Each structure stands twice: as C-alpha cells, then as structure tokens.
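The values are calculated or read from the model by the stated rules, or taken from the named source; none is laboratory data. Quantities reported herein were computed from a predicted structural model and do not represent experimental measurements. Because the Cβ atoms are built from the backbone with ideal geometry, glycine has one as well, and the counts that use them run over all protein chains shown.
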Amino acid sequence: MMQLAIPQIQKMANTIRMDIINMLEAAGSGHAAGPLDLADIFATLYFNVLRHDPKNPDWADRDILVLSNGHCAPVRYAAMARAGYFDVSELKTLRKFGTRLQGHPERTRLPGVETTSGPLGSGLSQAAGMAKAMQIDGQTGRWVYCVTSDGEMNEGNYWEAVMFAAAHKLHNLIVIIDRNNIQIDGNTEDVMPLETLRDKWESFGWHVQEIDGHNVESIIDACSMARAIVEKPTVIIAHTIPGKGVPFMEYDYHWHGGLIPTPQQAKDALTRLRSLNGKISGDHD
Amino acid sequence: MDMHLVDNIGADGIKQESNRKGFGRGLLAAGQQNDQIVALCADLTESTQMAPFAKEFPQRFVQVGVAEQNLVTVGAGMAAMGKIPFVSSYAAFAPGRCWEQIRTTICLNERPVKVVGSHAGISVGPDGATHQMLEDIALMRSLPHMVVVAPADSVEAEKATLAIAANDKPSYLRLSRADGAVFTTKDTPFKIGQAYVLQQGTDIAIMATGSMTYQALVAAKKLAKDGISTEVVHVPTIKPLDADTIVASARKCGRVITVEEAQIAAGFGSAIAELLSETAPMPVKRMGMQDRFGESGEPAELLKHFGLTADHIAMQAHGWIDQMPQYHR
C-alpha cells in the first residue's frame, strides 16, 4: 500500500481531474462538479490515508471507503485505476454497455467498490452497519470512511444513520462531507438550507471538524485526528469548490450533472489541468 | 408423500399459535448454531418475537429505533462484513417504508439480509388499515434475487427461519400477528422453493400460501361432504415458485383457485396465473383482498368480512366448478 508525500498527492489529484474530464467526454453523460471537487480528497484517501491493497480488494484488515453520493463514481474509479485496482485504459468504458464502471457504482461489478450506491442518503447507514459489525467483532485498527454529499443530507435516512452511529458510539466511523454547496436544482441554501451544519452534527453527538477540502495536508490531519477520537464518531465537513480545477465550471451548480463538457471545453479543461493551473506551460499547448 | 399433518384439522380444539412465535424460536436456534447471525429491530423487539434472541445474544442484537430505512441498510452494511442479519419490523414498514433501500442495498448489492415482515395481512386486527400490510408480496416478489416465503403456521415458520438463515440469499419472511391453527408437525417436509400437495384431488385445485392454507384444508373437508374432490396445494415459497408441482396440479385438476391474505394485484395468485398462462393456460380465480384496504376489527370478523374463510373458499370452489369446464392442458 503506497503512501505518497503531499506534493505527489497534489499531482495525483490533478491527474485524477484529467481522468475525470476524459471519462465524461468519452461517456457522453455523467456528473462533473462533484467528482472534480472530490479529487483532492480521493487522492489523499487512496494514496495516503486508507489502509488498503489494490491487488487484494478483499483484504480482511483493510479500511473501508463507502461512497454514499454514488453519482460521483468517476472520481472513485479514477483513483482506483491510478492506485492499481485495474488498468487506466478501462476508465474510458464508464457508463458504456458491458462496463464494470457502471453509471452508479455496483459492488458485484467491480472489486474494490465495497457497496452499491446512487440513491442518496443510504451510504451512511451501510457504513454504520459495517462499523457496527467491526465493533461487535472487537476489531480495532480498522476504520470505515464514508464520503457523502451535502445535498443528500435532505434525506431522512441520512439522519437515521447519524443518530444510530452516535447512539452506538461508532468511533471507527469517519464521515467526510463534500460541502460544495450545490445540488441539482441550485445552491443547497436555496433549495433546502443545511446551515448551521456544524451545530446540527454536534447536537446529534458527533465530533465535528471543518477543513478546506482541497488542502491535502488538512485532509490528512483531519483523518488522523478523527481516528484518535474514541468517544464518538467523527464528521469532517470538507469545504469544496464545485468543479474545482476547471475554471469555467467552478461555483456553477449547472455542472452538477446535467452538462457534459463539449470537445472544445474538454480540451480547454485538460490544457488548464496539464499546466497545473497555469504554473507550467508547454510548446504544444 | 405423507405430509404428517395433525389429525384434527377443522376441529375447534386445534392448537393455536401465531407464526411469529415459530420465527422467534427459529431465530434463537439459528443464532445458537451460527455466531454470524445477528438480529436488528426497529423498536418492536417483543412483538416481532426477536426478544428471545436479544436476551440470549445481547451483543448480537442491534436496536435501531423507529427507523426502518436505517434498519435494512445497516443490515446490508453488516452483511458486507460477513454477518447474516435478520431485520424485522411490521411488514407495513419493512418492506413498506424501505423498499428502495432493500432494492438497492440488499438485492442489487446481493447481500444475504433476511427481512422479516411481521403483522402482515388483515388479521393484524384492531390497529386498522394502516398496519394491515397487504401489498408486501407484490413488493418483494418483483425484486430480482429476493426469496419470498410465507409459512403456514408456527411449526413451519420455525423451519423456514432456519432454512433462510442458511440460504445465503436476500430473503423475505412474511408473518402474521394473530394466532393461527398449528396443523403441520415436525415431520412435515419443508424446503425453500418447494410446494406441497397436502391433499390429492381431481375436481379442483386450491392453491394457498401462508395463513390461508389451513383455510383451504378446512374448505376441502366441507367440499368432500358435497362430493367434490379437492386438491390442496400449499405454496409457502412464493418466489422462486415450484413450477413443476403447481403446473402438474393445474393440469390434473383443470380448475384453479388461489387464496392469499393479501392484495390479489401482483400477489401470490398473480404469480400462479402468470405461470399457468404460459404453461397451461386456464382461468385462475384469485381469492384475496380485492383492491381494498382493511379496517379495524377482530381477526375472525375481518377475515369473514373480506371473504377469506374456509366457508368462502368452499363457496367459491362450488361456483368455479359450476362455471368452469376443466382445462386439462
């Protein structure tokens, strides 16, 4: 299992962003904003935080990562490919007939996906069930990480799981919220306001951290602290910019899932990403 | 085959017990045999009969409170870790309230979670229509990978529970609230996927599931007095259906009535009609709830009111024989 240093993780996140643009363009459909803004978190998880073995997805001692907002599957697939779960060339099969990379992730199709998700609000319950089973078996040194969106907190099922995890003191459960402030019909605070999010979670009995979801060091530190908290489960509210890394998509909820970059837009996005956001340039650009 | 039924079917003094109790015993036994069995409940531990398991194995019993979506989904998460979860509430709430979570996290995900829907049917009684779940058969049989079992009595419920515990598949077990006649014995065969001809006949086949099988047997006794030879087919496994046994009976008798304590729309009778329409086409009379909700009342008076007693079955059989020729296919 590899553990990259911070600059390498940042570079990997950039690579994952390029993979996402390529995947969506090849697929002709899918979700852009969420996967892009989760690239730093997924790069950090797969290349530093998680105890896992890409060559052994069923390794009994592994940490488990549940992606509750399953529509963000492209970022997971890209991270898995780069980590060595399967060949990068398979990424272009996203959403195509016969693919292992289904539009929303399915456990039985792709080893390493851990569980099926897509319908929002149910991932945390599954993650809590996994953590509960570990607790019953007295397993230590293993964690269940659950990435969720903010919009899916509209679902009642989500809060059932929040209450359950606190009641059962599932300190081996760590939630990372992709707080990008968007959902399909608009900004979260216009559609169904979530604030004050920190207060809600604390009152439900969770330990709360808030971080910049694009700062790799912060992500690593937050996860370390989460593992150290033993009286309650931890939630990390990761503030993110939807569409991060692709300037014409950033902050715009329309890129949640209804739009796919046109070939020219994809080219522009990739050029931007390849230049590490303008830091370097090449003759061919 | 000798079905080893009791010898006092139809008698007033026949032993009565709710099939939930059989599930409770079966769950405890399953838990004793396999320490990966866990039980999850949504605030109904006593009435779902999970209490004996919870008492014996407190560390393997998980209370989720009144949260049925979380109930089945936490179950799916535990199954991911190798546990064999039984999750229970009233059928109106599981699968009623959490059908999508069952679909996605248990069926599509292919996790061997056992959903136990207690208090199914109108015999729930005074609680009324909101709690009398009638659509659960339709909901569950439409799901790929789901096994659906409705045991006839408490003895069969215990066997069904043990069988489900070992089948490594998503499964649904349908139970009643009210007491019902205990008419099978420990020697009565039970196997998931198997239907049983409890009584041979030639004029008409009555196919029943769950609580209605006993009523069908009592009806058959009445019909015998009128010179009618009735074949009674007990179908505890609604999915997968035992096509061989069912089609053979249908072909032999040429007339079929089905009975269920559930909506006939997309229910047990529909499953039979679907099968026969493709293999041995004949009219099938489906007895059950005729697209209506239940209401408050005592179980016995509700069953009478909605036409689900042995008398009603016998009357329907007479009518069907008068109306219908025999379709020997």
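A few notes on this one:
Here's the yes/no breakdown for (1) modelled with pLDDT of 95 or more; (2) loosely packed, with under 13 Cβ neighbours inside 10 Å; (3) touching a strand residue (DSSP E or B) at 6+ places or on another chain (Cβ under 6 Å):
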{"position": "A:199", "(1), (2), (3)": "yes, yes, no"}
{"position": "A:207", "(1), (2), (3)": "yes, no, yes"}
{"position": "A:236", "(1), (2), (3)": "yes, no, yes"}
{"position": "A:242", "(1), (2), (3)": "yes, no, yes"}
{"position": "A:257", "(1), (2), (3)": "no, no, no"}
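- Test for residue B:326: is it farther than 21 Å from residue B:174 by Cβ and in a helix (DSSP H, G or I): no
- Exactly one residue among A:126, A:102 is assigned to a helix (DSSP H, G or I) and at pLDDT 95 or above, and that residue is A:126.
- Of the residues making up the range B:94-105, those that are within 14 Å of chain A (Cβ to nearest Cβ) and surrounded by fewer than 24 Cβ atoms within 10 Å (Cβ to Cβ) are B:97, B:99, B:100, B:103, B:104.
- Counting the residues of the range B:296-329 that are among the charged types (D, E, K, R) and either buried (at least 19 other Cβ atoms within 10 Å of the Cβ) or more than 23 Å from residue B:214 (Cα to Cα) (or both) gives 2.
- Selection from the range B:97-118 of residues that are out of contact with any helix residue (DSSP H, G or I) (no Cβ under 7 Å at 6 or more places or on another chain) and either aliphatic (A, V, I, L, M) or within 14 Å of residue B:172 (Cβ to Cβ) (or both): B:103, B:107, B:108
- Any hit, the range A:62-70, residues being surrounded by fewer than 21 Cβ atoms within 10 Å (Cβ to Cβ) and modelled with pLDDT of 95 or more: yes
- Annotation: residue B:144 fulfils all but one of (1) away from every other protein chain (no Cβ under 14 Å); (2) not in a helix (DSSP H, G or I); the unmet one is (1).
- Going through (1) under 23 Å from residue A:224 (Cα atoms); (2) free of Cβ contacts under 8 Å to residues at least 40 places away in the same chain one by one, residue A:51 falls short only on (2).
- Of the helices (runs of 4 or more DSSP H) lying entirely inside the range B:1-99, those containing at least 1 residues that are of a type in the set (Phe, Trp, Tyr) span B:19-33, B:51-56.
- Index of the failed condition, residue A:187 passing every other in (1) more than 10 Å from chain B (Cβ to nearest Cβ); (2) surrounded by 18 or more Cβ atoms within 10 Å (Cβ to Cβ): (2)
- For the range A:120-145, residues that are facing chain B (nearest Cβ under 10 Å), over 22 Å from residue B:42 (Cα atoms) and within 17 Å of the chain's Cα centre (by Cα) total 1.
- Within the range B:173-203, being within 19 Å of residue B:242 (Cβ to Cβ) and not polar (S, T, N, Q) holds for B:173, B:174, B:189, B:190, B:191, B:192, B:193, B:195, B:196, B:197, B:198, B:201.
- Test: residue A:172 is within 14 Å of another protein chain (Cβ to nearest Cβ) and either among the charged types (D, E, K, R) or over 27 Å from residue A:29 (Cα atoms) (or both): yes
- Test: residue in the range A:56-70 that is assigned to a helix (DSSP H, G or I) and either under 12 Å from the mean Cα position of the chain (by Cα) or within 19 Å of residue A:11 (Cβ to Cβ) (or both): yes
- Applying the condition of being touching a His at 6+ places or on another chain (Cβ under 8 Å) and farther than 24 Å from residue A:187 by Cβ to the range A:1-55 and asking which residue is modelled with the highest pLDDT yields A:46.
- Filter result for residue A:105 (more than 7 Å from chain B (Cβ to nearest Cβ), surrounded by fewer than 21 Cβ atoms within 10 Å (Cβ to Cβ) and closer than 18 Å to residue A:80 by Cβ): no
- Selection status of residue A:40, touching a residue at least 60 places away in the same chain (Cβ under 8 Å) and more than 14 Å from every other protein chain (Cβ to nearest Cβ): yes
- Checking each residue in the range A:82-91 for being assigned to a helix (DSSP H, G or I), surrounded by fewer than 16 Cβ atoms within 10 Å (Cβ to Cβ) and not polar (S, T, N, Q) picks out only A:88.
- The residues of the range A:12-55 that are farther than 27 Å from residue A:257 by Cβ and either of a type in the set (Lys, Arg) or not in a helix (DSSP H, G or I) (or both), listed by number, are A:51, A:52, A:53, A:54, A:55.
- Within the range B:106-142, the set of residues being buried (at least 20 other Cβ atoms within 10 Å of the Cβ) and among the β-branched types (Val, Ile, Thr) comprises B:106, B:113, B:115, B:116, B:122, B:124, B:137.
- Scanning the range B:23-67 for residues that are touching a residue at least 40 places away in the same chain (Cβ under 8 Å), within 14 Å of chain A (Cβ to nearest Cβ) and surrounded by 24 or more Cβ atoms within 10 Å (Cβ to Cβ) yields a count of 5.
- Taking the range A:125-182 as the range and being in contact with a Leu (Cβ under 6 Å, 6 or more places away or on another chain), among the acidic types (Asp, Glu) and over 26 Å from residue A:43 (Cα atoms) as the test, only A:155 passes.
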